[in-house]
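Let me begin by presenting the structure, written as structure tokens, before commenting on it.
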Amino acid sequence: MKKLILVTSPPACGKTFISKKLAKALTNCVYLDKDTLIVLSKQIFKVAGEEYNRSSDFFQREIRDYEYYAVLDIAFEALDYNDTVLINAPFTDEIRDKKYLDGLRKKLADKDAELCVVWVHTDIEVAHQRMIKRASDRDTWKLENWDEYVKTQRYDQPTDIPELIVFNNSSDEDYKKSLEAAVKAIRG
């Protein structure tokens, strides 16, 4: 059975690291990262004369959803050529929206594919330290306004997702156990 795997969590929880390791462990997996679209998003900010701030109302209104539409369109196209496609993206609102997930499952069923959601659990302070360490310009506002920013994020595990795999990523030991369990759950 074809699979679309969404690796999700708030920023700096380790999605990229885990997504890449998981894609390699699954072998013959198409790896897509929503952050690849940031170059286009930066250009939209520039052309619009807006400050580059991925937490801004402008980003939420004019860019965010379109990044998701683009990466999902690419993923659905990839499913025509490969049985396993993994998307590395927060999907923070989407994985808590039953209607959205039901629509995604329906589209996947039309391609004889099924959904798999990997939730990367990381302690908030571990995520904070990782964000500081990665020193990315996309995190400037977040780090300068950490208390305000963290209130906008959902670090609690989503519920009511039958395809959910929880990947614990707060320590090396958690990571190793979770990688093995995730591959086994995905490959069945």
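At 0.36 nm per residue, minus the direct Cα-Cα distance, what do Asp137 and Tyr100 gain on full extension? Give it in nm, one decimal, please.
Gain on extension, Asp137 to Tyr100, equals 10.3 nm.
Once amide H atoms are placed 1.01 Å from N in the peptide plane, what residues at a sequence separation of 5 or more from Ile165, or on another chain, have their amide H within under 5 Å of its amide H?
Val117, Val118, Trp119
Considering only Leu86, Leu101, His121, whose Cα is most displaced toward the positive end of the charge dipole of the range 2-187, charges sitting on Cβ of Lys, Arg (+1) and Asp, Glu (-1)?
About the Cα centre, the residue reaching furthest to the positive side is Leu86.
Do you know the relative contact order of the chain, to the nearest whole percent, from alpha carbon pairs under 8 angstrom that are 6+ apart?
After rounding, I find 35 percent.
Calculated from DSSP H runs of 4 or more alone, at -39500 (n - 2.57) each and per residue, what is the 222 nm mean residue ellipticity of the chain, nearest 500?
Dividing the helical sum by the residues of the chain leaves -15000 deg cm²/dmol.
Using the number of other C-beta atoms within 10 angstrom as an exposure proxy, rank Lys46, Lys142 with the fewest first.
Lys46, Lys142
With springs connecting C-alpha atoms under 10 Å apart, model the chain as a Gaussian network and identify which of Ala135, Ala89, Ala75 has the largest mean-square fluctuation.
Ala135
So for each of 143-153, 52-62 I average, over its residues, the number of other beta carbons within 10 Å; can you give me the resulting order with the highest mean first?
Details: 143-153: 12.5, 52-62: 15.0.
Result, highest mean Cβ count within 10 Å first: 52-62, 143-153.
Run the dipole for the chain about the Cα centre, Lys and Arg Cβ at +1, Asp and Glu Cβ at -1, nothing else charged, and hand back the magnitude in debye, nearest 20. Mind dumping the intermediate values first?
Values: 30 positive and 33 negative charges, 95 e Å.
Charge dipole, the chain, about its Cα centre: 460 debye, nearest 20.
Just one of (1) 45, 37, 28; (2) 93, 51, 36; (3) 46, 43, 33 is Cα extents along the principal axes in Å calculated from these coordinates, so which is it?
(1)
May I ask which of Lys42/Lys111; Lys34/Lys133; Lys3/Lys99; Lys24/Lys99 have a Cα-Cα span longer than 23 Å here?
Lys42/Lys111; Lys24/Lys99
Consider a paramagnetic label point 7 Å from the Cα of Val47 along Cα→Cβ; state which residues of the range 58-81 have an amide N under 19 Å from it.
Answer for this model: 58-71.
Looking at the chain as a GNM with Cα springs under 10 Å, which of Glu67, Glu51, Glu163 has the largest mean-square fluctuation?
The residue with the greatest mean-square fluctuation here is Glu51.
For the range 163-170, in order, what is each residue's ³J(HN,Hα) by Karplus, 6.51 cos²θ - 1.76 cosθ + 1.60 with θ = phi - 60°, in whole Hz (x at glycine and Pro)?
After applying 6.51 cos²θ - 1.76 cosθ + 1.60, I find 8, 6, 10, 8, 10, 7, 9, 9 Hz.
Any read-out appearing in this document is the output of simple, stated calculations on the displayed coordinates, not a laboratory observation. Keep in mind it's a predicted model, so treat the numbers as computed, not measured. Positions of Cβ are generated from backbone atoms using ideal geometry, with glycine treated the same way; all protein chains shown enter the neighbour counts.
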